[in-house]
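Colleague: What follows is a structure written as structure tokens; I'll ask about it next.
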Amino acid sequence: MKKILTVENICYKYASHLVLEEVRLDIEEGDFVGIVGKNGSGKTTLLKLILGIIQPVCGRIVFAPKTKISYIEQLTINSDISFPTNVYETVMLGLYAKIGFLKFSNIEHKTLVLDVLKLVGLEGYEKKQISMLSGGEQQRVMIAKALVSNPDLLILDEPTSGIDQESESKFIDLLHKLNKEHNKTIIMVSHDIYVLSECEKIYEIKNKTMKEIVKNV
């Protein structure tokens, strides 16, 4: 398998406070990896390091050449009726870099949006306002927006926060389908190990380090 990401013995500190120490992680194409840890354990810090938002004080993070990443942060969209966009427009934003500044979408872009909405189970939702959707449906829209640019790596931070248990179960099933049937490489972070039940590998951040959890089979 092609290696997409290597995290080599990284450390990070805020001022004099050490947050992460000698953290290692290898991600290969087709992996479905979960990272669990209590609030404040360093999960978000690790994501910021991987995304290049902050830089490690030791170690290094290496991506395969031309690796495309899509990042889905914790769900923040709410039912505020003033949010003035529909599902189609939101997903089309994921193609902004491909379409170009001040240019218009073409039939290829429109087809990509419709195809990815079908993939995440939102076919027929194109004209619905984001603000009128449930939390689970909103998160599926965010997945579609991330997928429409065909990333090599999908990173999700607490993706089921704020959605009900039924929507959470459907969302986990969707990620499993994307991984197994469409070979999408996924890193998912959560404080709840149940959310990571479909992940092939699970790592726990605890006491500044990260170790793999052996899953029961």
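The values are calculated or read from the model by the stated rules, or taken from the named source; none is laboratory data. Quick caveat: nothing in here was measured; it's all calculated off a predicted structure. Cβ placement follows ideal geometry from the backbone for every residue including glycine, while neighbour counts extend to all protein chains displayed. Keep in mind that these areas ignore ligands, DNA and RNA; they rest on the heavy atoms of the full protein, side chains included. Shrake-Rupley method; radii C 1.70, N 1.55, O 1.52, S 1.80 Å.
Colleague: Suppose every Lys and Arg Cβ carries +1 and every Asp and Glu Cβ carries -1, with no other charges. What dipole size does the stretch 107-217 come out with about its Cα centre, to the nearest 20 debye?
Modeller: For this selection, approximately 180 debye.
Colleague: Name the shape class, rounded, prolate or oblate, that the alpha-carbon gyration tensor gives for the stretch 12-79, where a ≥ b ≥ c are the square roots of its eigenvalues, rounded holds for a/c under 1.5, and otherwise prolate holds if a/b is larger than b/c and oblate otherwise. Could the numbers behind the result be given before it?
Modeller: Numbers: a/c = 1.64, a/b = 1.07, b/c = 1.54.
Cα axes put the stretch 12-79 in the oblate bin.
Colleague: Rounded to the nearest 20 Debye, what is the dipole magnitude of the chain about its Cα centre when Lys and Arg each give +1 and Asp and Glu each give -1 at the C-beta? Can you show the working numbers first?
Modeller: Working: 27 positive and 28 negative charges, 119 e Å.
The dipole of the chain has a size of about 580 debye.
Colleague: I'm spelling it out carefully: the read-out is semi-axes √(5λ) of the Cα gyration tensor in Å, the candidates are (1) 28, 20, 17; (2) 33, 22, 15; (3) 30, 19, 17, and one was derived from this structure. Which label?
Modeller: (3)
Colleague: If you don't mind, there's one more thing I want to ask. Of the accessible area of the chain, with the probe set at 1.4 angstrom, what percent is carbon plus sulfur?
Modeller: Carbon-and-sulfur percentage of accessible area, whole number: 50.
Colleague: Among the listed pairs Lys177/Lys201; Lys38/Lys66; Lys68/Lys180; Lys128/Lys170; Lys118/Lys177; Lys3/Lys211, give every one whose C-alpha distance is greater than 22 Å.
Modeller: Lys38/Lys66
Colleague: Let me ask something additional. Mind ranking Met132, Met142, Met188 by accessible surface for me, highest first, 1.4 Å probe? Don't jump to the answer; show the numbers that get you there.
Modeller: Numbers: Met132 130, Met142 35, Met188 0 Å².
Listed by decreasing accessible area, they come as Met132, Met142, Met188.
Colleague: Can I ask one more? Indicate the gyration tensor shape class of the stretch 137-217 (rounded, prolate or oblate), computed on the Cα atoms with a ≥ b ≥ c the square roots of the eigenvalues: a/c under 1.5 is rounded; otherwise a/b larger than b/c is prolate and the rest oblate.
Modeller: prolate
Colleague: So in the chain, what percent of DSSP beta bridges are antiparallel if you round to the nearest 5? Display every interim value, and only then the final one.
Modeller: Details: 19 of 37 bridges.
Once the DSSP bridges in the chain are tallied, antiparallel ones form about 50 percent.
Colleague: If you count only protein heavy atoms and use a 1.4 Å probe, how large is the accessible surface of Ser16, to the nearest 10 Å²?
Modeller: Accessible area, nearest 10 Å²: 110 Å².
Colleague: Taking the chain as a whole, which cysteines find no other cysteine Cβ under 4.7 angstrom from their Cβ?
Modeller: Unpaired cysteines in the chain: Cys199.
Colleague: Take the chain, connect every pair of alpha-carbon atoms lying under 10 Å apart with a spring to form a Gaussian network, then pick out the residue of Tyr125, Tyr96, Tyr14 with the largest mean-square fluctuation.
Modeller: Sorting by GNM fluctuation, first place goes to Tyr14.
Colleague: Kindly report the accessible area of the chain per residue (heavy atoms of protein chains, probe 1.4 Å, no ligands, DNA or RNA), in Å².
Modeller: For the chain, the solvent-accessible area averages 55 Å² per residue.
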